[in-house]
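*Asks:* Got a structure for you, written out below as structure tokens; questions coming shortly.
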Amino acid sequence: MLVIKDLHAKINDKEILKGINLEVKAGEIHAIMGPNGSGKSTLASVLTGRELVEVTHGSVTFNGNDLLEMAPEIRAHEGIFLSFQYPVEIPGVSMVNFMKAAVNEHRKYRGLEPLSASDFLKMMREHKELVGIDSALTNRSVNEGFSGGEKKKNEIFQMAMLDPKLAILDETDSGLDIDALRVVANGVNKLKRPDNAVIVITHYQRLLDYIVPDYVHILYNGRIVKSAGKELALELEEKGYDWIKNGDNA
Amino acid sequence: MFSIGVNYLSMADKTSTLSVRDEFVNLYLNNLDLITEESSELMNHYREEAIQYFRLLGIPSVKNEKYKYSKIEPLFGYDYEKYFAPKKILFNIDDIFRCDIPELDTHLALVLNGFYLPNRANKITELPNGIIMGSLAEASRLYPNMFKGRYNTLAENTTDGLVAMNTAFAQDGVFIYVPRNVVEAKPIQIINLLMSDENQLVQYRNLIVVEDGAQAKVLVCDHTLSPKRFLSNVVTEIFVGRNASLEFVKMQNEHNDSAQITHTYVNQQRDSHLVTNTLTLHGGFIRNNLFVTLSGEGADAQLYGLYLTDRTQHTDNFTYIDHAVPNCTSNELYKGILDDQATGAFNGKILVRRDAQKTQAYQSNNSLLLTADARMNTKPQLEIYADDVKCSHGATVGQLNNEALFYMRARGIGEREAKLLLMFGFVHEVIKKISIDTLRERIDDMVNRRLHGELSRCHNCLMHC
Ligand SMILES: Nc1ncnc2c1ncn2[C@@H]1O[C@H](COP(=O)(O)OP(=O)(O)OP(=O)(O)O)[C@@H](O)[C@H]1O
Ligand SMILES: [Mg+2]
């Protein structure tokens, strides 16, 4: 599904990603862990097409197509979804208008008619339940004045609405209380199917108790320095990153 | 069908070496009989003094600090037809103009090129609850007591030549009177139509009185119905009585060759409420002067404005709030979007007089520039002489938020659509202050279409302006 080969990228002339190789197949869950500033969100930015990040070398294909050639909205239509580490507040744009535009543009891409107002509202209602998001929130402007946890729930709500093929969850667990974490993780699990995949970026084992990864990768200083099964996350929890930083990346 | 006596004069044969000022003084002197004949004695009473002030002040130049960002003089550089009596129109106005705000049920007053258009030959309509609306000249004849002591008492003839010019030349306009304690939920709508085969200078006058305890909503819509060049110079005086409330919505929707200068003066008594909403949807050149005097304690004024400009359009809002007494509140929010080479200005002056303790006055002006060529000048001016006050002002001129844009695109919303949603969200803050639901929804729709690049004219309006 997703194939990243020797990816190098820079922000403002500073090289952040220094040769990433990663393959994600349909049905898989990958976890990416790593110290602050190691490049995890930058990788997510490259995958979603943020202009700030400049790819200098390497390739990324998604279902065989060159992902890097696509505009951000096309990547979304093709099935890439990012749950932002820092969701953006958009004053004046209601959640309803925002989601309606997003859903209908996805439909248009697939040659479908826009949803009727009532079908759309029904769809909103159903998916709200999935993540236990309050109607009071969806009646407001996008993320405006949402608490940290509410913003994260809202990301998963949007993911449920858009039904992506590859979801990238960038620290979706941060800011969530223990109950919300379970609700969100259950939501993600419910959406999991053999034909889609998830990349979970996190600092904590806690989330991986619920969303159990097939692979855990450690990103350090712009490179994936270690990949293993889910037990790697437990090991990190216990030992921290020092053994990685000290070059023991056998 | 309307068939009203024609009395038409052209200025084209005047020697062009005269200054605009002299030209108009001569125009006045040469046509005084016609001007006074089609107006009323009470209105005529003020002309002589006004033309003297105009002779003194002339047309404001950009050296005049108040008009720094708006070049008024060139607007008078065109040849305009001026006439001093309602013009004959040989068709049914309903055939060419129908206001299409679905379900918007209003008391309608039509003004054509500055003259009130009689409703089935009635120049005045009296509603069962006592509200009077109609021709200003006629009202001054029929209701001199409502007129005297109000007409021309707020307008500042002595400081602005354009106002003096209006007082000298204006012959008619709209009169609205809402009696004591009458609460009218149905909006009163004034539609100003500009239509002519020649370039046209139009100067008219409105007087609105909302008596103590009364409540009214007034909606003013401006439309150009023919592609000629129009220059409107309009003065409106508004009195809001004790404990009265007025919502005043002005919708400017004119073509690119039109210019409009408005001077609106509001006087508010104790515990009165005012909401103004100045919506500039389209127009070549627009300058709005809005003066509000809070002259009774507890008075509250909310001034909102929206401007959407593109190409070489120009919109300039000048507001002046005079906190003359203690315990009044005012709040101002003006927002706009400028595209292409559009230019704009906002100059918001707030005066808090020495006695006006416990004043609360807030002002903000936010603009979005879509291109590097668009320009916005924003200038707050707070003059505070009282010490126990809460005042603040803020102004921003910025671009669309790139983070928000990316967020939306990452959700699959194309760049163009995402920008439109952001722009709409930006201005919606102003639109949502309109309390008339059907109007607000309609404005939402018109703004949306305007942002999509369509002319925001009404569906049913057959004119292509
Ligand atoms: N807009 C930016 N301008 C300059 N540098 C940036 C920018 N965004 C990220 N960086 C730098 O790129 C590096 C990687 O940042 P990134 O956000 O990818 O880290 P991360 O692994 O997601 O960290 P965290 O765990 O704290 O979220 C950091 O050194 C960061 O300072
Ligand atoms: Mg990060």
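Bear in mind that the values in this text are calculations on the coordinates, not laboratory data. These figures come from a predicted structure and were not determined experimentally. Backbone-built Cβ (ideal geometry, glycine too); neighbour counts: all protein chains shown.
*Asks:* In whole angstrom, how long is each semi-axis of the equivalent ellipsoid of chain B, when you take the square root of 5 times every eigenvalue of its Cα gyration tensor and sort them from largest down?
*Replies:* 32, 27, 24
*Asks:* Still on this structure: Taking R0 as 51 Å, what FRET efficiency do you get between B:Glu126 and B:Lys432 from their Cβ-Cβ distance, rounded to the nearest 0.05?
*Replies:* 0.90
*Asks:* Among the lysines, which fall within straight-line cross-link reach of A:Lys226, defined as a Cα-Cα distance under 17 Å, with same-chain neighbours fewer than 8 residues apart omitted?
*Replies:* Straight-line reach from A:Lys226, under 17 Å: A:Lys5, A:Lys18, A:Lys40, A:Lys239, A:Lys245.
*Asks:* Give a quick list of trypsin sites (Lys or Arg not before Pro) in the range A:31-120 that DSSP marks as loop, anything other than H, G, I, E or B, with at most 14 other Cβ atoms within 10 Å.
*Replies:* A:Arg110
*Asks:* Another question, then. Largest first and in whole Å, give the semi-axes of the range B:214-308's equivalent ellipsoid, each being the square root of 5 times a Cα gyration tensor eigenvalue.
*Replies:* 28, 11, 10
*Asks:* Between the DSSP loop rule and a limit of at most 10 other Cβ atoms within 10 Å, which trypsin sites (Lys or Arg not before Pro) in the range B:319-355 are left?
*Replies:* B:Arg354
*Asks:* Let me ask something else about it. Report D for the protein assembly as shown in µm² per second (integer): Stokes-Einstein, Kirkwood Rh on Cα pairs, 4 °C, 1.567 mPa s.
*Replies:* 45 µm²/s
*Asks:* Still on this structure, I have one more. Given the options A:Gly39, A:Ala71, A:Leu2, identify the residue whose Cα lies farthest towards the positive end of the charge dipole of the range A:1-77 (+1 on Cβ of Lys, Arg; -1 on Cβ of Asp, Glu).
*Replies:* Value: A:Gly39.
*Asks:* Given the C-alpha centroids of the range A:1-56 and the range B:273-346, what is the distance between them in whole angstrom?
*Replies:* 49 Å
*Asks:* For a Förster distance of 56 Å, can you work out the FRET efficiency between the beta-carbons of B:Asp340 and A:Asn189, rounded to the nearest 0.05?
*Replies:* Given R0 = 56 Å and the Cβ-Cβ separation, E is 0.65.
*Asks:* Under a Cβ-only charge scheme (Lys and Arg +1, Asp and Glu -1), can you give me the dipole magnitude of chain B about the Cα centre, in debye to the nearest 20?
*Replies:* Its charge dipole is roughly 500 debye.
*Asks:* Before rounding to the nearest 500, sum -39500 (n - 2.57) across all DSSP H runs of length at least 4 in chain A and divide by the residue total; then give [θ] at 222 nm in deg cm²/dmol.
*Replies:* -11500 deg cm²/dmol
*Asks:* Over the range A:115-214, what lengths in whole Å, largest first, do the semi-axes of the equivalent ellipsoid take, defined as the square roots of 5 times the eigenvalues of the alpha-carbon gyration tensor?
*Replies:* Square roots of five times the eigenvalues give 22, 17, 11 Å.
*Asks:* Only bridges whose two residues both fall in the protein assembly as shown count here: according to DSSP, what percent of them are antiparallel, nearest 5?
*Replies:* The antiparallel proportion sits near 20 percent.
*Asks:* Excluding residues fewer than 8 places away in the same chain, name every one of the aspartates and glutamates whose C-alpha is closer than 13 Å to that of B:Lys71.
*Replies:* Cα-Cα hits under 13 Å: B:Asp316.
*Asks:* Over all residues in A:76-87, what is the mean tally of Cβ atoms on other chains that come within 10 Å of each residue's Cβ?
*Replies:* 2
*Asks:* What size of dipole, in debye to the nearest 20, comes out for the range B:384-430 about its Cα centre when the only charges are +1 on Lys and Arg C-beta atoms and -1 on Asp and Glu C-beta atoms?
*Replies:* The calculated dipole for the range B:384-430 is roughly 320 debye.
*Asks:* What size of dipole, in debye to the nearest 20, comes out for the protein assembly as shown about its Cα centre when the only charges are +1 on Lys and Arg C-beta atoms and -1 on Asp and Glu C-beta atoms?
*Replies:* Dipole about the Cα centre, nearest 20: 120 debye.
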